Amino acid sequence: MKYISTRNKDKVVSSSKAIIQGLAEDGGLYTPQTLNQKVDLS
């Protein structure tokens, strides 16, 4: 899975780098680039 910064969506990193680094270099939070799993809220 790839992760992007909340402040710069063009900066893509691997899950291992996002976990080890914690925060993005620009001070943003890492979030998954895509969400593949749909959640049924009913």
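Bear in mind that the values in this text are calculations on the coordinates, not laboratory data. Quantities reported herein were computed from a predicted structural model and do not represent experimental measurements. In this analysis, Cβ positions are derived from the backbone assuming ideal geometry, glycine residues included, and neighbour counts consider all displayed protein chains.
Brief remarks on what is shown
- Rounded to the nearest 20 debye, dipole of the chain from Cβ charges on Lys, Arg, Asp, Glu: 80
- Label corresponding to Rg/Rh (Cα atoms, Kirkwood Rh) when calculated from the structure given, among (i) 1.13; (ii) 1.07; (iii) 1.00: (ii)
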